[in-house]
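Written below as structure tokens is the structure these notes are about.
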Amino acid sequence: MPSEPDARNALRRQLRERRKTVPAEQQAAAARAVAEHIRTLPDWEAVRHIGLYWPNDGELDTGPLAQACRKQGKRTYLPVLTQQRTLVFREWLDDQPMETNRYGIPEPDSSQRSCEAAELDVLVMPLVGWQRDGYRLGMGGGFYDRTLAGAGGLLRVGLAYACQQITGLEGANWDVPIHWVLTESGLTACAVQDRASLIR
């Protein structure tokens, strides 16, 4: 019988392959759809600073979402890896210079404004799998969990395809849950006890 870590890794591989098989036309349609659906997030008009991610490994594209946010006067940010295996966030502007981190993922260069997660209003996070209880199955590196451990009332939104939904996994005590999941089908509220509000 496989151990729990082995089972999670097997599930990660399965889900990563699943999202990679989404046809290109469907991927583009999903990216456009989530840019519309995010407007239904409670208190969306109050959001000024929103953390996103640069898509990698078949993750849902955040490009249309970033453009929609900027058109609404919101400032967008991307995660940057630190030596402590946590994340800080740098402002993401159109056509700006980018650097590549050790995983080959682009990050805004050091000339851009930097902030901590707690300074954002909303953080849109990548994930491999998601559950309605707020459990987020990530890539296994723990970067987001370490970063968010002291981030206070930040609203956490997982971004994924609907086909990445899972059931039956229990999170560890260090896992930081998400409040909402945003997919091409719309927003799903998660059953998280520490429901955050954008009005602080």
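The values are calculated or read from the model by the stated rules, or taken from the named source; none is laboratory data. Quick caveat: nothing in here was measured; it's all calculated off a predicted structure. As a convention, Cβ positions derive from the backbone with ideal geometry for all residues, glycine included, and neighbour counts pool all protein chains shown.
Looking only at region 144-164, count how many residues are of a type in the set (Lys, Arg) and outside any helix (DSSP H, G or I). If you could, list the steps in order and put the result at the bottom.
Taking region 144-164 as the starting set, the residues that turn out to be of a type in the set (Lys, Arg) are 146, 156.
Adding the requirement that they be outside any helix (DSSP H, G or I) leaves 156.
Residues flagged as of a type in the set (Lys, Arg) and outside any helix (DSSP H, G or I) within region 144-164 amount to 1.
Going through region 92-123 one residue at a time, which ones are on the phi > 0 side of the Ramachandran plot and at pLDDT 90 or above? Full working, then the answer.
Within region 92-123, the subset on the phi > 0 side of the Ramachandran plot is 95, 104.
Passing the criteria: only Gly104.
Only one residue in Glu170, Glu91, Glu99, Glu107 is of a type in the set (D, E, K, R) and free of Cβ contacts under 8 Å to residues at least 12 places away in the same chain, so which one is that?
Numbers: Glu170 fails: free of Cβ contacts under 8 Å to residues at least 12 places away in the same chain; Glu91 fails: free of Cβ contacts under 8 Å to residues at least 12 places away in the same chain; Glu107 fails: free of Cβ contacts under 8 Å to residues at least 12 places away in the same chain.
From the options Glu170, Glu91, Glu99, Glu107, the qualifying one is Glu99.
Can you pull out every residue in region 45-80 that is among the hydrophobic types (A, V, I, L, M, F, W, C) and touching a helix residue (DSSP H, G or I) at 6+ places or on another chain (Cβ under 7 Å)? Walk me through it before giving the result.
Keep residues of region 45-80 that are among the hydrophobic types (A, V, I, L, M, F, W, C), which gives 46-47, 50, 52, 54, 60, 65-66, 68-69, 78, 80.
Once the filter is applied, which keeps residues that are among the hydrophobic types (A, V, I, L, M, F, W, C) and touching a helix residue (DSSP H, G or I) at 6+ places or on another chain (Cβ under 7 Å), region 45-80 yields Ile50, Leu52, Leu60, Leu65, Ala68.
Of the residues Ala117, Ala172, only one is surrounded by 16 or more Cβ atoms within 10 Å (Cβ to Cβ) and either farther than 18 Å from Val34 by Cα or not β-branched (Val, Ile, Thr) (or both); which? Break it down into steps so the answer makes sense when it comes.
Values: Ala172 fails: surrounded by 16 or more Cβ atoms within 10 Å (Cβ to Cβ).
Result: Ala117 is the single residue among Ala117, Ala172 that is surrounded by 16 or more Cβ atoms within 10 Å (Cβ to Cβ) and either farther than 18 Å from Val34 by Cα or not β-branched (Val, Ile, Thr) (or both).
Out of the residues in region 31-43 that are in contact with a helix residue (DSSP H, G or I) (Cβ under 7 Å, 6 or more places away or on another chain) and farther than 10 Å from Leu182 by Cα, which is surrounded by the fewest Cβ atoms within 10 Å (Cβ to Cβ)?
From region 31-43, those in contact with a helix residue (DSSP H, G or I) (Cβ under 7 Å, 6 or more places away or on another chain) are 31-32, 34-35, 38; that's our starting set.
Adding the requirement that they be farther than 10 Å from Leu182 by Cα leaves 31-32.
Numbers: Ala31: 18, Arg32: 16.
Among those residues, the one meeting the criterion is Arg32.
List the pairs whose first member sits in region 7-26 and is surrounded by 12 or more Cβ atoms within 10 Å (Cβ to Cβ), whose second member is in a helix (DSSP H, G or I) and of a type outside the set (Val, Ile, Thr), and whose Cβ atoms are under 8 Å apart, counting only residues at least 6 apart or on separate chains?
Partner pairs satisfying both residue conditions: Leu15/Gln164; Arg18/Cys163; Arg18/Gln164; Arg19/Cys163; Arg19/Gln164; Val22/Ala30; Val22/Cys163.
Here are some residues: Asp43, Asp57. Which one is more than 18 Å from the chain's Cα centre (by Cα), at pLDDT below 95 and not polar (S, T, N, Q)? Talk me through it step by step, then tell me what you get.
Numbers: Asp57 fails: more than 18 Å from the chain's Cα centre (by Cα).
The match here is Asp43.
Filter region 45-69 for residues that are closer than 23 Å to Leu148 by Cβ and surrounded by fewer than 16 Cβ atoms within 10 Å (Cβ to Cβ) and give the result.
Ala46, Arg48, Asn56, Asp57
Which ones in region 114-135 are assigned to a loop (DSSP other than H, G, I, E, B), closer than 18 Å to Val80 by Cβ and not charged (D, E, K, R)?
From region 114-135, those assigned to a loop (DSSP other than H, G, I, E, B) are 116, 120-121, 127-128, 131-135; that's our starting set.
Okay, now just the ones that are also closer than 18 Å to Val80 by Cβ, so 116, 120.
Scanning region 114-135 gives a single hit, Leu120.
Working carefully through the options Thr86, Thr82, find the one that is surrounded by 16 or more Cβ atoms within 10 Å (Cβ to Cβ) and more than 15 Å from Leu52 (Cα to Cα). Reasoning before the result, please.
Details: Thr82 fails: surrounded by 16 or more Cβ atoms within 10 Å (Cβ to Cβ).
When all the criteria are applied, what remains is Thr86.
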